[in-house]
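A short worksheet on the structure shown next.
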Amino acid sequence: MSQQLSAIRFLRIMGFLEGLSNVVLFCIAMPVKYGLGIKEAVKYPGWVHGILFVLFMAAILRMRLLANWSLKQVGIAFFASLVPFGTFWADARYWKKEMEGRAK
């Protein structure tokens with residue numbers, strides 16, 4: 001398996017996990033914190049999300065270095081990580097196709 005294919009697989013996995021943690025944080029933990037007044041509701045989901053965000057940024061950097069991603073591709077990946085469901089959209093729109101193209 002090529003390093004580029006390995007890098008895109010890692011990016012897709014981290015994108016899924018980071019996106020899932022983003023949705024949990026914004027759609028479950030924060031409403032519980034602010035709606036029910038339970039401050040601890042964001043502690044662990046926020047911590048996990050932070051770690052996954054850093055790993056996702058490392059995956060983007062790896063794609064920039066190994067697959068010669070353009071700044072546009074890096075920007076799309078970065079901004080996708082900032083909004084709920086953004087990484088799922090980017091995976092379906094870009095990363096899945098890129099992986100399929102590199103696997104051939």
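Taken together, the values in this text are just the output of simple stated rules run on the coordinates, not laboratory data. A quick note: this is a predicted structure, and the numbers were derived from the prediction, not measured. We place every Cβ from the backbone using ideal geometry, glycine too, and count neighbours over all the protein chains shown.
Miscellaneous remarks
- Within a straight-line Cα-Cα reach of under 23 Å, Lys43 can be paired with the following lysines, leaving aside sequence neighbours fewer than 8 residues apart in one chain: Lys33.
- Taking Glu40, Glu98 and counting other C-beta atoms within 10 Å, the order from fewest to most: Glu40, Glu98
- Set of lysines with alpha-carbon distance to Lys104 below 22 Å, sequence-local pairs under 8 removed: Lys96
- Between 0 and 90°, nearest 10: helix 43-66 axis offset from the chain longest Cα axis: 10 degrees
- Only Cα pairs under 8 Å and 6+ residues apart enter the sum, and on that basis the relative contact order of the range 24-101 stands at 18 percent.
- Rg/Rg_ref, the range 33-81, where Rg_ref = 2.2 N^0.38 Å and atoms are Cα: 1.58
- Packing-based exposure ordering (other Cβ within 10 Å, fewest first) of Arg62, Arg9: Arg9, Arg62
- The amide H of Trp69, built 1.01 Å from its N in the peptide plane, has Arg64 as neighbours under 5 Å, considering only residues 5 or more places off or on other chains.
- log10 of Debye I(q)/I(0), alpha-carbon scatterers only, for the range 22-104 at 0.11, 0.20, 0.22 Å⁻¹: -0.38, -0.92, -1.03
- GNM top mover of Ile38, Ile51, Ile76 - the chain, alpha-carbon springs below 10 Å: Ile38
- Out of every Cα-Cα pair that the range 1-51 contains, those further apart than 12 angstrom amount to 65 percent.
- Ranked list, fewest to most other Cβ atoms within 10 Å of each Cβ, for Trp69, Trp47: Trp47, Trp69
- Just checking the listed ones, Gly50, Gly19, Gly35: in the Gaussian network model of the chain with Cα springs under 10 Å, the one fluctuating most is Gly35.
- ³J(HN,Hα) computed for each position of the range 85-101 - Karplus, 6.51 cos²θ - 1.76 cosθ + 1.60, integer Hz, glycine/proline x: 6, x, 5, 5, 4, 5, 5, 5, 7, 10, 5, 4, 5, 5, 5, 4, x
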